[in-house]
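Participant: Mind having a look at this structure? Questions to follow.
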Amino acid sequence: MAKAAKKKYSGAPTTTKQVAAEKHLSSVFKFNTDLGQHILKNPLVAQGIVDKAQIKPSDIVLEVGPGTGNLTVRILEQARNVIAVEMDPRMAAELTKRVHGTPGEKKLEIMLGDFMKTELPYFDICISNTPYQISSPLVFKLINQPRPPRVSILMFQREFAMRLLARPGDSLYCRLSANVQMWANVTHIMKVGRNNFRPPPQVESSVVRIEIKNPRPQVDFNEWDGLLRIVFVRKNRMISAGFKSSTVLEILEKNYKTYLAMNNEMVDDTKGSMTAIVKEKIETVLRETGLADKRAGKCDQNDFLKLLYAFHQVGIHFS
């Protein structure tokens with residue numbers, strides 16, 4: 001397996017100077033593992049990740065958490081510009097020093113701050129050795145960009161990556177799987193062992209490729225996510241169980257009242273209280289779609305879309 005990987009990336013433009021710089025920074029720099037700082041030290045893997053992005057000379061690349069720049073210097077060789085979002089000022093300073101006086105210096109913009117709180121400019125591609133604690137928020141932020149990237153090459157904890165790829169019926173299939181696969185196509189690129197990092201994390205990693213679907217599905221994200229939140233609370237229980245929660249009923253009742261007000265409709269008092277009306281609508285939808293006794297962990301996109309459409313037909317909304 002190792003020989004095949006070496007052959008695959010043997011043409012990578014990894015220079016002796018790059019390798020020396022990486023070893024020096026990795027040996028003298030104190031990393032903060034609480035911030036997910038596990039620097040990729042294997043130059044072969046780093047070049048493989050960049051190659052998989054298929055960067056064009058006209059592309060603007062966003063890098064999340066560049067660290068000491070082991071991926072950044074390779075991206076700069078291929079992209080028009082690189083926007084690097086870094087939370088740690090020490091890392092940003094090291095990266096600035098590393099590219100100083102090189103052809104890539106003028107092509108690099110460093111945005112210092114929390115990626116999740118940063119308003120992002122336009123970019124074509126995203127590459128990230130992702131801090132594990134922001135894995136899920138990062139994926140959803142990329143998916144929900146007004147102009148999402150053409151492709152994202154992202155490194156995650158192995159189990160998280162497998163959740164992105166899981167299919168209905170798989171043990172790891174969950175709300176994350178169903179949600180991401182609605183908006184994007186996800187493929188597995190490579191496994192990365194813990195010894196490829198400094199300091200080594202306690203888990204293995206995987207690199208995935210995420211390509212946003214074009215055209216985008218004509219479904220409201222918040223409605224879709226709202227439904228999935230309910231049905232996946234207990235993915236191995238029947239879907240109907242999720243709608244029996246008093247908290248869920250309160251939310252759906254409030255949303256139904258809003259729906260009626262926006263459409264200038266009146267409540268038929270002869271049918272009982274508002275709560276009773278909403279309960280009856282929920283039961284009717286679940287029965288007529290045939291999904292009441294199904295389990296979310298075994299349902300696919302078509303099942304969830306069928307359910308969402310049926311709820312909307314009777315005025316039940318999830319956001």
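Participant: Can you list which of the trypsin sites (Lys or Arg not before Pro) found in region 208-277 are DSSP loop residues with at most 16 other C-beta atoms within 10 Å? Mind showing how you got there, number by number?
Facilitator: Numbers: sites: R209, K213, R229, R234, K235, R237, K244, K254, K257, K271; in loops: K213, R234, K235, R237, K244.
Those satisfying the criteria are K213, R234, R237, K244.
Participant: What does the charge count near V64 come to, summing +1 for each Lys or Arg and -1 for each Asp or Glu among other residues with Cβ under 10 Å from its Cβ? Write down the numbers at each step before the final one.
Facilitator: On the way: positive: K141; negative: E63, E86.
Overall, the nearby charge balance is -1.
Participant: Let me ask something else about it. Within 10 Å, count the other beta carbons around each residue, average over each peptide in 118-129, 292-303, and list them highest first. Intermediate values should be presented prior to the final figure.
Facilitator: Numbers: 118-129: 19.3, 292-303: 16.6.
Highest mean packing first, the order is 118-129, 292-303.
Participant: A further question on this structure: How much of the accessible area of region 221-314, probe 1.4 Å, is carbon plus sulfur, in whole percent? Provide the component values of the computation, followed by the final result.
Facilitator: On the way: 2710 of 5600 Å².
After summing per-atom areas, the C and S share lands at 48 percent.
Participant: So I have (i) 35; (ii) 21; (iii) 26, and one of them is percent of Cα pairs over 39 Å apart calculated from this model. Which one is it?
Facilitator: Identified label for the calculated read-out: (iii).
Participant: Okay, next question. Which of rounded, prolate, oblate describes region 57-108, given a ≥ b ≥ c as roots of the alpha-carbon gyration tensor eigenvalues and a/c under 1.5 marking rounded, otherwise prolate only if a/b is larger than b/c?
Facilitator: Details: a/c = 2.17, a/b = 1.38, b/c = 1.57.
Cα axes put region 57-108 in the oblate bin.
Participant: Next up: Carbon and sulfur: what percent of region 90-177's accessible surface (1.4 Å probe)? All intermediate terms of the calculation are to be shown ahead of the outcome.
Facilitator: On the way: 2210 of 4150 Å².
Carbon and sulfur: 53 percent of the exposed surface of region 90-177.
Participant: Quote the accessible area belonging to V233 in square angstrom, nearest 10, computed with a 1.4 Å probe and with ligands, DNA and RNA left uncounted.
Facilitator: About 90 Å², rounded to the nearest 10.
Participant: Related question: Out of all DSSP beta bridges in the chain, what portion is antiparallel? Express it as a percent rounded to 5. Walk me through the numbers before you get to the answer.
Facilitator: Details: 17 of 36 bridges.
In the chain, DSSP labels about 45 percent of beta bridges as antiparallel.
Participant: Given N residues in region 32-212, what is Rg(Cα) / (2.2 N^0.38 Å)?
Facilitator: 0.97
Participant: On a 0 to 90° scale, report how tilted helix 246-262 is relative to the longest principal axis of the chain, with both axes built from alpha carbons and the result rounded to the nearest 10.
Facilitator: Taking Cα atoms only, the helix is inclined about 80 degrees.
Participant: Can you list the HN-Hα couplings for region 45-60, worked out from phi with the Karplus curve (6.51, -1.76, 1.60; θ = phi - 60°), rounded to whole Hz and with x for Gly and Pro?
Facilitator: Residue by residue, region 45-60 yields 5, 4, 5, x, 5, 5, 4, 5, 6, 6, 5, 8, x, 8, 7, 9 Hz.
Participant: Suppose we keep just the alpha-carbon trace of region 155-262; what are its Rg and Dmax in angstrom?
Facilitator: Just the Cα atoms of region 155-262 yield Rg and Dmax of 18.0, 59 Å.
Participant: Then there's this: Rounded to the nearest 10 Å², what accessible area does Y173 have for a 1.4 Å probe in the complete protein model?
Facilitator: 10
Participant: Can you work out ³J(HN,Hα) from phi for every residue in region 174-185, in order, using Karplus 6.51 cos²θ - 1.76 cosθ + 1.60 and θ = phi - 60°, giving whole Hz and x for Gly and Pro?
Facilitator: 8, 4, 4, 4, 5, 6, 5, 5, 5, 9, 8, 9
Participant: Under a 1.4 angstrom probe, counting protein chains only, how are R74, R216 ranked by accessible area, largest first? Provide the component values of the computation, followed by the final result.
Facilitator: Values: R74 0, R216 85 Å².
From most accessible down to least: R216, R74.
Participant: In vacuum, with every alpha carbon of region 230-304 counted as one equal point scatterer, what does the Debye formula give for log10 I(q)/I(0) at q = 0.15, 0.16, 0.18, 0.25 Å⁻¹? Two decimals, please.
Facilitator: -0.57, -0.64, -0.78, -1.16
Participant: Now for a separate question. For the chain, with the dipole built from +1 on Lys and Arg beta-carbon atoms and -1 on Asp and Glu ones, taken about the Cα centre, which of F197, N214, A79 lies farthest toward the positive end?
Facilitator: F197
Participant: Next question, about the same structure. Taking amide H positions as placed 1.01 Å from N in the peptide plane, with prolines and chain starts having none, which residues 5 or more places from G113, or on another chain, fall under 5 Å of its amide H?
Facilitator: When sequence neighbours closer than 5 places are left aside, the close amide H contacts are E86, M87.
Participant: Could I ask something else about it? Which pairs break 25 Å Cα to Cα here: K213/K306; K213/K254; K141/K254; K117/K298; K257/K279; K191/K306? Don't jump to the answer; show the numbers that get you there.
Facilitator: Details: K213/K306 20 Å; K213/K254 33 Å; K141/K254 27 Å; K117/K298 35 Å; K257/K279 13 Å; K191/K306 36 Å.
Beyond 25 Å: K213/K254; K141/K254; K117/K298; K191/K306.
Participant: Continuing with the same structure: Send over a whole-number figure in Å² for the accessible area per residue of region 221-314, probe 1.4 Å.
Facilitator: Numbers: 5600 Å² over 94 residues.
Heavy-atom SASA per residue in region 221-314 reads 60 Å².
The values are calculated or read from the model by the stated rules, or taken from the named source; none is laboratory data. Not measured: the values here are computed from a predicted model. All Cβ positions, glycine included, derive from the backbone under ideal geometry; neighbour counts span all protein chains shown. Side chains are part of the model used for accessible areas, which takes the heavy atoms of the whole protein and leaves out ligands, DNA and RNA. Shrake-Rupley method; radii C 1.70, N 1.55, O 1.52, S 1.80 Å.
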